[in-house]
Amino acid sequence: MSEMYDICIIGGGIMGCTIASQISILDKNKKIALFDKSKLFSGCSSYAGSIISPINLSSLHRITTEYSKM
């Protein structure tokens, strides 16, 4: 598989998903790849979910849903 992305983010924890979310809010045309060794939020970030701002939950949910299917 040979795909081209504008931005590649390593790590699907709280920071990686938040960064992907913010980039997609700022520029919906950017093609973002989010890589993790396991499922998104499966590591230590699964314990830190309460620090996510409710304002960003919809975009974060969209990104985690899209990328967890890959």
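List of remarks:
- Pair list, Cβ under 6 Å, 6 or more apart: region 23-34 residue farther than 20 Å from Ile10 by Cβ, other residue at pLDDT below 90: Ile25/Ser59
- Region 1-20 - residue that is among the aliphatic types (A, V, I, L, M) and in a helix (DSSP H, G or I) and, of those, most open to solvent (accessible area, probe 1.4 Å): Met15
The values are calculated or read from the model by the stated rules, or taken from the named source; none is laboratory data. Remember, it's a predicted structure, so these values are computed and weren't measured experimentally. Cβ atoms come from the backbone with ideal geometry, glycine included; neighbour counts cover every protein chain shown. SASA here: full protein model, heavy atoms, side chains in, ligands and nucleic acids out. Shrake-Rupley method; radii C 1.70, N 1.55, O 1.52, S 1.80 Å.
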